[in-house]
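A.B. asks: A single structure is presented below for examination.
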Amino acid sequence: MDCNFRQTQLEAYLDGELERADARELEAHLDDCAECRAALDRLDALRRELRAAGLRHTAPESLRARIAATPLTAAPGAMAPRRMRDGVWRYAAALLLAFGTGGVSVQMWNSARGADAMLAHDIYASHWRALAATSPVDVVSSDRHTVKPWFAGKVAQSPTVRDFADQGFPLVGGRVDYLGAQRVPVLVYRHGQHLIDVFVLPPGSALSPATNAREAGYALQFVALDGAPAAIVSDMDAHELAAFAQLLSKAPTS
Amino acid sequence: MNAGTANWVATLAQQHLDAAHNLGRWLLGNEQDAADAVHDAYVRAARSAATYAGGNARAWWLAIVRNCCLAKLSSRKRETPLRAVPDAEPGTLSEVEDGAHIAQCRTLLAEHLRALPTEYRETLVLRELEDLSYREIADVLGVPIGTVMSRLARGRALLQRALEPVAQEQDHGL
């Protein structure tokens, strides 16, 4: 496979659309090829610029209100009495959405365009990419003494690895993943049917507790892992996530 | 149309109203036309809700919005005139103050995006601003995924080339 082909793969990779196996292969190539790394950095920079530039035109309130106030024309054969009731419900639903879901998502988008949001976005993308893959881990082991050394040489700093099997969060393994164009270690845990990714971030990462957010049923929580900033991503409910975050940040260093 | 269908369309439209309006803005170039097209799409979506055959609802809704935008475009009897984008003048950029420089870069970025041919512009908007997957974009545009990928690659290359003089002048670290 030549670099020209890799170049076309880079975009799919950055968009989180590359199959796991292909992504792995590309990452291995990236470690060796400065040209492709530079190309990935350029693509990443353009994407960040596009997303940071406030180019998205959110819908004005006038349009939202106009839509909410528009009665939907019944298809032929619809019953008149029901239309009346439809209207009421539709209006209620539209209002709820406008001030509920809609408002919140607009808020999230508008207020969170900074580095925080960009990082959170990358973390979600990375997590979802892993979920779609055949295996979310590269080193499968419940033994922290296997997982920690595995990271050595693959990332600048091996993260602290602990197992929480006794507390219901067994260690599944680890992988090295990209956040944007940056390589980070990821610890993978399991809780019942939920897969949990713990992204260990480079020191001084922009992520802060303010970033904690849910997206499409997945939650992101910031935590300090033995002094290093880390982010937990999972589809666990809030209680389980909080419990796990506490374990992670409180457990004694070994 | 029953209550469920009406609710579904209303919910869907409100939930993805920003996406619809943003797509309309980038296709039509102004707020009024975008709002009118989205409103048309809303009415049309309700009428054709019965034809929704499962799959990604956001893509289905945005496809209708796009069709209404294209209809409006052609009813204007002319393509939106592509604005000529002035080349960045490296000589003057170093003199402007940092914040103004970044603002200028962003304005430039918007202008370059606006100047892209429609097919690249809409693909980039759906991917970068609306965060749609390749599959969703393919559904909205009614083209194969391979076409989505080549349009993204081409669009990005065009933007990168257009921005090059600015990037060389000053790395503003975005």
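A.B. asks: Pull out the extension gain between A:S62 and A:V176, defined as 0.36 nm times the separation in residues minus the alpha carbon to alpha carbon distance; nm, one decimal. All intermediate terms of the calculation are to be shown ahead of the outcome.
C.D. replies: On the way: separation 114, 0.36 × 114 = 41.04 nm, distance 4.67 nm.
Using 0.36 nm per residue and subtracting the Cα-Cα distance, I get 36.4 nm.
A.B. asks: Do any residues of segment B:1-45 show a loss of at least 50 square angstrom of accessible area between the isolated chain and the full protein assembly, using a 1.4 Å probe, and if so which?
C.D. replies: Going by heavy-atom accessible area, the residues of segment B:1-45 that drop by at least 50 Å² are B:M1, B:A3, B:N7, B:Q14, B:L17, B:D18, B:H21, B:H39, B:Y42.
A.B. asks: Using a 7 Å offset from the Cα along the Cα-to-Cβ direction at both B:A157 and B:E111, what is the distance between the two label points in nm, to one decimal?
C.D. replies: 2.5
A.B. asks: Sticking with this structure for a sec: Per 0.36 nm of contour for each residue apart, how much would the distance between A:D237 and A:R42 grow if the chain were fully extended, relative to their Cα-Cα spacing? Before the final figure, lay out the partial values.
C.D. replies: On the way: separation 195, 0.36 × 195 = 70.20 nm, distance 3.72 nm.
Taking 0.36 nm per residue and subtracting the Cα distance, the gain is 66.5 nm.
A.B. asks: Am I reading the A/B interface right? What is its buried accessible area, both sides, 1.4 Å probe, to the nearest 100 Å²? Walk me through the numbers before you get to the answer.
C.D. replies: Numbers: alone 14240 and 9780 Å², together 19580 Å².
Using a 1.4 Å probe on protein heavy atoms, the buried area is about 4400 Å².
A.B. asks: Which FRET efficiency value, to the nearest 0.05, do you get for A:R183 and B:S74 by plugging their Cβ-Cβ distance into 1/(1 + (r/R0)^6) with R0 = 45 Å?
C.D. replies: On the way: r = 48 Å, r/R0 = 1.07.
For R0 = 45 Å, the calculated efficiency reads 0.40.
A.B. asks: Another question, then. Note down the nm distance, to one decimal, between modelled labels 7 Å out along Cα→Cβ at A:A216 and at B:A103.
C.D. replies: 3.6
A.B. asks: Just to be sure I understand the interface: list residues from segment A:35-60 that lose 30 Å² or more of accessible area between the chain on its own and the complete protein assembly, 1.4 Å probe.
C.D. replies: A:L46, A:E49, A:L50, A:R51, A:A52, A:A53, A:L55, A:R56, A:H57, A:A59, A:P60
A.B. asks: Moving on to the next point. For B:I145 and A:R144, what does the FRET efficiency come to when R0 = 60 Å and r is the distance between their Cβ atoms, rounded to the nearest 0.05? Write out the running numbers ahead of the final one.
C.D. replies: Values: r = 41 Å, r/R0 = 0.68.
Approximately 0.90, to the nearest 0.05.
A.B. asks: Would you mind classifying segment A:149-238 by shape? Square roots of the alpha carbon gyration tensor eigenvalues, ordered a ≥ b ≥ c; an a/c under 1.5 is rounded, otherwise it is prolate if a/b is larger than b/c and oblate if not.
C.D. replies: Numbers: a/c = 1.69, a/b = 1.12, b/c = 1.50.
Oblate.
The values are calculated or read from the model by the stated rules, or taken from the named source; none is laboratory data. Small disclaimer: the values here were computed from a predicted structure and weren't measured. Cβ atoms come from the backbone with ideal geometry, glycine included; neighbour counts cover every protein chain shown. Each accessible area value is taken on the protein alone, full model and side chains, heavy atoms only, with ligands, DNA and RNA left out. Shrake-Rupley method; radii C 1.70, N 1.55, O 1.52, S 1.80 Å.
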